[in-house]
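Everything below concerns the one structure shown next.
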Amino acid sequence: MDFSKFNKIIEGKTKVIYENPNDPDTVFMLFKDDITAGDGVKHDILEGKAQVDWQTNRDIFEYLNRCGVRTHYVSSPEDKVSIVKKLERKINLEVVSRRVAAGSILKWGTGAAEGDRYEPVITQFHYKDDPLHDPMLDDTYIEYMIAAKNSIEYSEARRINAEVFQHLERAFAAFGVQLIDFKLEYGMIKGEVVLIDEITGGSFRLWPFKTDKPNMNQANVLSELDPAGRLDKDVYRMGGDLGAVRDKFGAIAAITARFKELDV
Ligand code: C5P
């Protein structure tokens, strides 16, 4: 498709959204080779990333659609291009769920140690704004907004986050890796909260199991996992070279390509 003839709706850090002239209810989502970290401060072009992210995202969303999750994903008509449902409005939140303590939660002074396991998963809302570093919203306030204002944006996003976590954790575990945490985004379509955006190597942490039969039924599961073998964007965030980052993203795509083998 020649997108130079299409109307561009918005260009983000890793994707461009174009109008679909043949269907007002959907839009085109094009993946870019850009990779960013630190709220966009660190930025590189990683040749081939668009293709690999497109594949990973396609395979994850097709799996989630098969699982019955309400998502914006429709189809992928050609390389690096997906069709998604058009939003009434975007919800300006990053919704993070964690099974295992890693990353920023170790730094806020919560007392969490790397590898602490959360059962059920914990979910936190961040207001999406790079200059403000995506500040986290207070849980008590969220409860109030749900109870007093019936804010389905929060209640539904939290419910869907937990549901998606269960599905993806199970899927990745079938290939010997633990889903540590992830960030998802939501929008409104026909008055309903719907999973949107992309789910790719930059959206989650994935640590390989150390053994064939890890014991995940412990308060801290670090001994069961291999964080040094991580398959995610932390390799880039931690300063790994772009070749290593490309290998990791390729390894993720090789796993998600097999999600179609899974029963739901
Ligand atoms: O950095 P932090 O530990 O809060 O990240 C939690 C999860 O959310 C990680 O999987 C990370 O990749 C993801 N994340 C993201 N986009 C951000 C912040 C975090 O995808 N802006």
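Of the residues G239, T140, A253, the one whose Cα sits farthest toward the positive end of the charge dipole of the chain, with +1 on the Cβ of Lys and Arg and -1 on the Cβ of Asp and Glu, is A253. Taking the Cα centre of the chain as origin and assigning +1 to Lys and Arg Cβ atoms and -1 to Asp and Glu Cβ atoms, the resulting dipole is close to 180 debye. Computed over the Cα atoms of region 3-85, pair by distinct pair, the Kirkwood hydrodynamic radius stands at 13.6 angstrom.
Sorted on the mean count of surrounding Cβ atoms within 10 Å across their residues, most packed first, peptides 206-218, 181-193, 137-149 read 181-193, 206-218, 137-149.
Could you work out [θ]222 nm for the chain from helices alone, using -39500 (n - 2.57) per DSSP H run of at least four and dividing by all its residues? Round to the nearest 500 deg cm²/dmol. Numbers along the way, then the final one.
Details: 5 runs with 70 residues, N = 264.
Calculated at 222 nm, the ellipticity per residue is -8500 deg cm²/dmol.
The separation of region 130-179 from region 1-78, counted between C-alpha centres, amounts to 22 Å.
Going highest first, how would you order 167-174, 35-42 by mean Cβ packing within 10 Å?
167-174, 35-42
Based on C-alpha pairs under 8 angstrom that are at least 6 apart in sequence, the chain has a relative contact order of 19 percent.
Could you give the length gained by full extension between D34 and R237, i.e. 0.36 nm per residue of separation minus their alpha carbon distance, to one decimal place?
Values: separation 203, 0.36 × 203 = 73.08 nm, distance 1.38 nm.
Full extension from D34 to R237 adds 71.7 nm.
Normalised size of the chain, defined as Cα radius of gyration per 2.2 N^0.38 Å with N residues, equals 0.99. Farthest toward the positive end of the dipole of the chain, out of L87, Q178, Q124, is the Cα of Q178, where the dipole comes from beta carbon charges about the Cα centre. Applying 0.36 nm per residue to the separation of S151 and K213 and subtracting their alpha-carbon distance, the gain on full extension is 18.2 nm. Protection proxy ranking, highest mean first, for peptides 46-55, 15-24, 79-88: 46-55, 79-88, 15-24, where packing is the per-residue count of other beta-carbon atoms within 10 Å, averaged. In this structure, the pairs whose alpha-carbon distance is over 30 Å, taken from K107/K128; K15/K190; K80/K210; K13/K213, are K80/K210; K13/K213.
Report the FRET efficiency, 1/(1 + (r/R0)^6), for K5 and R70, where r is their Cβ-Cβ distance and R0 is 35 Å, rounded to 0.05.
It comes to 0.65.
Here, each number is a calculation from the coordinates, and none is a lab measurement. Note that the coordinates shown come from a computational prediction; the quantities given were computed from them, not determined experimentally. With ideal geometry, Cβ positions are generated from the backbone for all residues, glycine too; neighbour counts draw on all protein chains shown.
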